[in-house]
1. With viscosity set to 0.692 mPa s at 37 °C, what whole-number translational diffusion coefficient in µm²/s follows for the stretch 158-198 from Stokes-Einstein and a Kirkwood radius over Cα pairs?
2. Per DSSP H run of n ≥ 4, the term is -39500 (n - 2.57); total these for the chain, divide by its residue number, and report the mean residue ellipticity at 222 nm rounded to 500 deg cm²/dmol.
3. Quick one: if the Förster radius is 25 Å, what FRET efficiency do Met637 and Lys613 give, using the C-beta to C-beta distance and rounding to 0.05?
4. Can you give the extra length, in nm with one decimal, that the chain gains between Leu214 and Asp606 once fully stretched, where that is 0.36 nm per residue apart less the Cα-Cα distance?
5. Straight-line reach only, C-alpha to C-alpha below 20 angstrom: list the lysines that Lys23 could link to, leaving out same-chain residues fewer than 8 apart.
6. Between Met549 and Ile500, what FRET efficiency comes out of the Förster formula 1/(1 + (r/R0)^6) with R0 = 41 Å and r the beta carbon distance, rounded to 0.05?
7. Pick out the long, greasy-scoring helices in the chain: whole DSSP H runs spanning 30 Å or more along their own axis by Cα, mean Kyte-Doolittle at least 0.5.
8. List nothing, just return the count: lysine pairs in the stretch 278-434, 8 or more apart or interchain, with Cα separation under 29 Å.
Amino acid sequence: MNDMTPTREQREARLEGMGCKRKRVEDIRFTQGKGNYVDDVKLPGMLHGDFVRSPHAHARIKSINTEKALKVPGVLAVLTAETLKTVNLAWMPTLAGDVQMVLADGKVLFQNQEVAFVVATDRYAADDGIGAVEVEYEALPPLIDPFTAMDADAPMLREDLAGKTEGAHGPRKHHNHIFEWTVGDRELTDLAFDKADVTIKEMISYHRTHPSPLETCQCVCSFDKIKGELTIWGTFQAPHVIRTVVALISKIPEHKIHVIAPDIGGGFGNKVGAYPGYICAAVATIVTGKPVKWVEDRMENLTTTSFARDYHMTTEIAATKEGKVTGLRVHVLADHGAFDACADPSKWPAGFMNIVTGSYDFPVAHLAVDGVYTNKAPGGVAYRCSFRVTEAAYCIERGMDILAQKLGMDPAELRLKNFIKAEQFPYHSALGWEYDSGDYHTAMKKGMETIDYAGLRREQAEKREAFKRGETREIMGVGVSFFTEIVGAGPSKNCDILGIAMFDSCEIRLHPTGSGIARVGTKSQGQGHETTWAQIIATEIGIPADDIMVEEGNTDTAPYGLGTYGSRSTPVAGAAIALAARKIRAKAQMIAAYLLEVHEGDLEWDVDGFRVKGLPEKFKSMKDICWAAYNSVPPGMEPGLEAVSYYDPPNMTYPFGAYFCVMDIDVDTGVYKIRRFYALDDCGTRINPMIIEGQVHGGLTEAFAIAMGQEIRYDATGNVLGGSFMDFFIPTAVETPHWETDHTVTPSPHHPIGAKGVGESPNVGGVPAFSNAVNDAFSFLGSTHIQMPHDFWRNWEAAKRLGVTG
Ligand code: CDP
């Protein structure tokens, strides 16, 4: 070795592999305005489609007259349910086993429901056409309050289901009932409550909100009549699933459908499902023979495609007087809107709500979920969450605070007393999950020390006394939240979408000169996959991350994958990437042995190549091996260096975290100030600490928005309140607090690189931290629970109700 020979550290650094704060490679095009989004797709002769929408929440359609609209200059076609019936597409299947109207068929069931699709030469002509479509409605009584959905005299919403006593998930109890899902041992749980020293019961609502990504849902469909091929560019979080769904419902052979998801401007669950816009654009291109573009506007996005949450959770905890939990009983009333279009794995009608025992060692638990129809938009998507985990975490984290209050215990102390202990992992929860790994006490204690939890509680006690003496009008809250997520859907034994197991995939192909391409079944919407996937490969096969191109989102080139949502990309596709890389390394080892004229077993891996054990100068780098793979492979071996891996995970991964929020609230105005927010996350092995921090910042900002103001509300007649950014809270840099981040590392024992997902953790853990801070602030005034969102007005209202302001 001479002085110029790079050291091991230098060779490692050159790879920019796992653990490196590698800068996001995709940002070069994004920051220069060179991203390629669906709306950038402009094809010759392209038409534009847009919807006539219902002003009513519930009404019968007496007639639709399209004659005048068809005379508007530029309008070429107007699709209605009658048109779609000719191709058997007036209704479409939902991911939850229900069916959904594509265009209103006989009646409308929510405000802004799609009634007709106008196709024109440009958006303006389409809009004029929309104005000229004449629809005669007969208003019907709307059903808005989910608590009255199963009343004997509640109006029947879904006439298509009249008389059907069986739904996709078992018996239906009422004409507006969708399913009842129960998990756990009811008898043993009831017994625990009978014997308990202390119990709490509270109705905890997680209000209806919306993922509202910057880019709305959109697509361009182009049908080639000669080849009989349909190409769809769309904002799809799961492009392969879309291709399969289109093949099933259109009967176009799947190999003649090309789905391309170009750059996506945020998804957060909004872009998982199939929407009427996609179907109408596809039918319109077939009817007109021209490409058709559909682009949602902001109000359409907020009011029609995929709401999130709307869970009303009656939460009961049983405990001993010393504060040891002995049972958990939860009943959820789930408002699904007009159609059950939840985007959950098929067998899970309430997603992973059965993670509701959280981070605590509950000996018994029981969960029951009743889904009901109302005159609201369909959806129920996992808004930056793994299928109802956010609802579950909110439920248990509020519940634990309420229990602490009743016991007169500190909420952090109550948590420490009930955490699953490190030595209990793998841990079997009372509701059926096997938690892979965790060290909750270490994480919690680290967080408490960093923020000086004891000091904050002392300060709070002093401030409360000062408030009582009338010396201040501000109250102080310390919000504690300790969450356990369940991400990485998922093992084929319990997760599928429309019968397709939820595996994921990667194909890696290395080129002779030592660079390569990796194609993955996931689809980034801003998470930085192009950066991090290359880092996994760099560490696994010793090729610098800069020399690996990552491609996603084209169903013609990427191996079949189930897409990106529910923080599943790292747990599932991340594992497929590592295993594909290991297959390449195994072949590379055989080639290296041949080149070095030794037995494979005599070689050891050393950062970026193979070395003969005991003979350090005998070394072949991966770059050398790539070249050799194309000209001097061992006799009988196929040339080339590529591999594919489809990964079916053996279990989910269970990231966790300890979050603390310190907040001051002025009782006379309801104005809050978030003084401090500390988030400690444990996502196992960390691929890119800078990207993780970005994910945490983004997720916390969304959690802040949801907890403190963001809501899709309806008035009594079903008018959407919150259908624009004037009413729907999107925090800017002005409102957003400063985030302090921290971490511990507890690798997943079953994941090839030990990584767990992280993208959704901050939303899951953040919402209860904010809400607990508000509730903690008011608790000394006699309040047990104040419903979210905690905007200024609601804070002031709570203060008024508690008699501390006028
Ligand atoms: O499925 P999704 O991409 O939304 O979520 P994720 O798997 O949590 O990954 C989000 C981003 O964080 C990706 O770029 C991951 O590579 C990165 N990440 C990481 O660097 N280390 C982890 N342990 C988990 C995720």
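1. Numbers: Rh = 12.6 Å.
Estimated diffusion coefficient is 260 µm²/s.
2. Values: 19 runs with 220 residues, N = 806.
The helix-only estimate for the chain comes to -8500 deg cm²/dmol at 222 nm.
3. On the way: r = 23 Å, r/R0 = 0.90.
That pair, Met637 with Lys613, gives E of 0.65.
4. Working: separation 392, 0.36 × 392 = 141.12 nm, distance 4.42 nm.
Here the segment from Leu214 to Asp606 would lengthen by 136.7 nm.
5. Within reach: Lys34, Lys523.
6. Details: r = 27 Å, r/R0 = 0.66.
With R0 = 41 Å, the Cβ-Cβ based efficiency is 0.90.
7. Values: long enough: 575-596 (31 Å, 0.97).
In the chain, the long hydrophobic H runs are 575-596.
8. Going through the stretch 278-434 pair by pair, I get 10.
Every number here is computed from the coordinates shown, using simple stated rules; none is lab data. What you see is a predicted model; the values in this text were computed from it and never measured. No Cβ is skipped: glycine too gets one built from the backbone with ideal geometry, and neighbour counts run over all protein chains shown.
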